[in-house]
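J.: Input: one structure, supplied below.
The values are calculated or read from the model by the stated rules, or taken from the named source; none is laboratory data. No experiment lies behind these values; they were computed from the predicted model shown. Don't worry about glycine lacking a Cβ; one is built from the backbone with ideal geometry, like all the others, and counts go over all protein chains shown. All accessible areas refer to the heavy atoms of the entire protein, side chains included, with ligands and DNA or RNA removed. Shrake-Rupley method; radii C 1.70, N 1.55, O 1.52, S 1.80 Å.
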Amino acid sequence: MDLKIVNQILDSYLKEKNLVLDNVELVKESGYLILRVSIDKENGIDIDELAAVNEYLSERIDKYDSDMPEYMLEVCSPGAEKLLKSISEVKANVGKYVHVEIINMIYEGVLESVNENKITLKINAKGRFKKVVLDYEDIKIIRLAVKI
């Protein structure tokens, strides 16, 4: 099955409900094939909204999956440690606590700003707060993080 079908099926429904399609992937875990559809919204999504999306998609996807082996449909949120996949997603999360990986270094701190192709983090380095400026192109991974 072409995973773009999921986008087409959900497009108008998600717009109507003010939801966003975060990711669609087909993965094999513990011997099971899983069609994982990740949904989000501005202030987080709740279980009832995820269940409604699951029901909506389940009812409509059967027309398109006849050529696929048996699979499980999983509709979920991107989670508390959502991967930020584009500079626009990074900009939308200014002020939040993030985990950033560059070559040979990992930072966790508050994302203070995103200017041009640079990000500024406020980190706690041995009890002292300091700002770190990183080139966006040097970032291997940037995701939201839970501060413990």
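J.: Being closer than 25 Å to Asn43 by Cα and over 22 Å from the mean Cα position of the chain (by Cα) narrows it down to one residue among Ile123, Ile119; which is it?
T.: Going through Ile123, Ile119 in turn, just one is closer than 25 Å to Asn43 by Cα and over 22 Å from the mean Cα position of the chain (by Cα): Ile123.
J.: Would you please list the contacts, defined by Cβ atoms under 7 Å and residues six or more apart or on different chains, that run from a residue in the stretch 62-85 that is more than 30 Å from Ile148 (Cα to Cα) to a residue that is open to solvent by 100 Å² or more (accessible area, probe 1.4 Å)?
T.: If the second residue must be open to solvent by 100 Å² or more (accessible area, probe 1.4 Å), the pairs left are Met72/Tyr32.
J.: Next question, about the same structure. Can you name every residue in the stretch 70-122 that is in a strand (DSSP E or B), open to solvent by 90 Å² or more (accessible area, probe 1.4 Å) and of a type in the set (D, E, K, R)?
T.: Answer for the stretch 70-122, where residues must be in a strand (DSSP E or B), open to solvent by 90 Å² or more (accessible area, probe 1.4 Å) and of a type in the set (D, E, K, R): just Lys118.
J.: Can you give me the number of residues within the stretch 1-40 that are in a strand (DSSP E or B) and closer than 19 Å to Glu55 by Cβ?
T.: Matching residues across the stretch 1-40 total 11.
J.: Against the condition in contact (Cβ under 8 Å) with a residue 24 or more places away in the chain and assigned to a helix (DSSP H, G or I), how does Leu134 come out, does it pass?
T.: Considered against the rule, which asks whether it is in contact (Cβ under 8 Å) with a residue 24 or more places away in the chain and assigned to a helix (DSSP H, G or I), Leu134 comes out as no.
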